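Colleague: Below is the structure I would like to discuss, written out as structure tokens.
Please treat every number below as a calculation from the coordinates, not as lab data. Fair warning: this is a prediction, and the values are worked out from it, not measured in the lab. Positions of Cβ are generated from backbone atoms using ideal geometry, with glycine treated the same way; all protein chains shown enter the neighbour counts.
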């Protein structure tokens, strides 16, 4: 009798969830609003007066753009058991975060075999392999719209096989001084604001591993800009707010502990007004917190936040001289099928998405040129005649293949925010419940045969 009640209850719940999920899908984006763009003054790359590095969190190329037509994407992945399994539909909010530390990355990459993502921390819980999931165009239609109208890069790799902290350092310095992981214990106040008990593992050039404080001091692109009196800002959540841990210049001692910090590091909420008012600096970095898409946060809400920033740029007076590089900082534990190239004593990290949005970006172009975060710096150095910081950015792909400065500038692409799912985890919960029901019935069948 108890089994009958369990089955009846489970079936009732399943029917309710099916009905509820059916009306909770995120609405697709309406048609875009477009308007002509006036040609900017200058020749070639000098048409670009404003460079924005917009950095989001923890997604791979296959996880977001594995189904994009013409790109090198995958819809299935290899596991540690040798099986090839389909990449399931990803929930808008993930049920949990998954491992994406330095060690997780090495496990997942498995010397280029790309077949152990199920072995990262929380990568296989009760048979649910969250790393082996992906989004469809209906889930992220605005990102797909940007990719169709501007540039999508399918050979963009994170700069090191590991998590946010070292990869964010590469976005400002083309270097991480051998740092391999996020500060531990994780108090969300990284860098020079970290507590006395926080440290990071560091790999020395000779391969030795040490543990050091997460406050470093080396030259960054911001220093190069400052020396040449070229304007710059770092937009990020302020101290005490979620997302402050990604305010990367906090880890650079001579910036954090000098007037440069107060003069150039500003609240991420200021970006929209600066863009609308025509007050963007020559170079800026932009990170955020709740809109970062860091699991388990909503991808839909994060996409809406990105659309708000890009709409502000396109509605502002400086659109015709701006490029925005939209990327994600590390693999987040999610599957990608392309082995990252070697780099020094380690390798680059798995691929991450990159959208290049500018009036001079090649329309509908899929770049197969290898890039990494140091490529952002190389592009800025070429544009403003700055010396390379080190060998890494000097040799990085400069992204110029993604532009056509002689073509007519592309029009704006003003998109609308979407209505996000009210209960984004229901599809996952429904699937989990169904698996539990099947397991329950299988167990009862086995016992009844004994």
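Colleague: Need one number: nm distance between label points at residue 407 and residue 39, each 7 Å from Cα along Cα→Cβ, rounded to one decimal.
Modeller: 1.5 nm
Colleague: May I pose another question? Can you give the % of DSSP beta bridges in the chain that are antiparallel, to the nearest 5?
Modeller: 45 percent
Colleague: OK, next. Could you rank the peptides 408-418, 204-214 by their average count of other C-beta atoms within 10 Å per residue, with the highest value first?
Modeller: Listed from highest to lowest mean packing, they are 408-418, 204-214.
Colleague: Full extension from residue 419 to residue 103: what is 0.36 nm times the residue separation minus their Cα-Cα distance, to one decimal in nm?
Modeller: 110.0 nm
Colleague: A further question on this structure: For the chain, take the longest principal axis of its alpha carbons; what is the angle in degrees between that and the long axis of helix 2-22, to the nearest 10 within 0 to 90?
Modeller: The angle comes out near 30 degrees.
Colleague: State, in angstrom, two size descriptors of segment 48-96 derived from its alpha carbons: Rg to one decimal place and Dmax to the nearest whole number.
Modeller: 15.1, 51
Colleague: If the viscosity is 1.306 mPa s and the temperature 10 °C, what Stokes-Einstein diffusion coefficient in µm²/s follows for the chain when Rh is the Kirkwood radius over Cα pairs?
Modeller: 70 µm²/s
Colleague: At 0.36 nm per residue, minus the direct Cα-Cα distance, what do residue 136 and residue 72 gain on full extension? Give it in nm, one decimal, please.
Modeller: 21.5 nm
Colleague: Between 94, 67, 227, where does the largest GNM mean-square fluctuation fall for the chain, given springs only between Cα atoms within less than 10 Å?
Modeller: Taking springs between Cα atoms under 10 Å, the residue moving most is 227.
Colleague: Helix 299-315 versus the longest principal axis of the chain: what is the Cα-based angle in degrees, 0 to 90, to the nearest 10?
Modeller: 20 degrees
Colleague: Something else about it: Tell me, 172, 216 in order of fewest to most beta-carbon neighbours within 10 Å?
Modeller: Fewest to most other Cβ atoms nearby, the residues stand as 216, 172.
Colleague: With everything on Cα atoms, drop me the angle between helix 426-448 and the longest principal axis of the chain, reported from 0 to 90° to the nearest 10.
Modeller: Taking the Cα atoms of the chain, the angle to 426-448 is about 30 degrees.
Colleague: Send over the per residue convex hull volume for segment 202-336, Cα only, as a whole number of Å³.
Modeller: Convex hull volume per residue, Cα atoms: 161 Å³.
Colleague: Could you tell me the relative contact order of the chain? Use alpha-carbon pairs under 8 Å, at least six residues apart, and round to a whole percent.
Modeller: For the chain, the relative contact order is 29 percent.
Colleague: Sort 95-107, 155-167 by packing, meaning the average of other beta carbons within 10 Å per residue, with the highest value first.
Modeller: In decreasing order of mean packing, 95-107, 155-167 become 155-167, 95-107.
Colleague: I've got another one for you. Need the full-extension length gain, residue 110 to residue 262, defined as separation in residues times 0.36 nm minus the C-alpha distance. One decimal, nm.
Modeller: Full extension from residue 110 to residue 262 adds 50.4 nm.
Colleague: Using a simple spin-label model with points 7 Å from Cα along the Cα→Cβ vector, what separation in nm is obtained for residue 187 and residue 277?
Modeller: Label at residue 187, label at residue 277, 3.5 nm between them.
Colleague: So what is Rg over Rh here for segment 31-173, counting just Cα atoms and using Kirkwood for Rh?
Modeller: 1.03
Colleague: As a test, work out the antiparallel percent of DSSP beta bridges whose residues both lie in segment 215-353, rounded to the nearest 5.
Modeller: That works out to approximately 20 percent antiparallel.
Colleague: Among 284, 138, which comes first, second and so on when ranked by fewest other beta-carbon atoms within 10 Å?
Modeller: 138, 284
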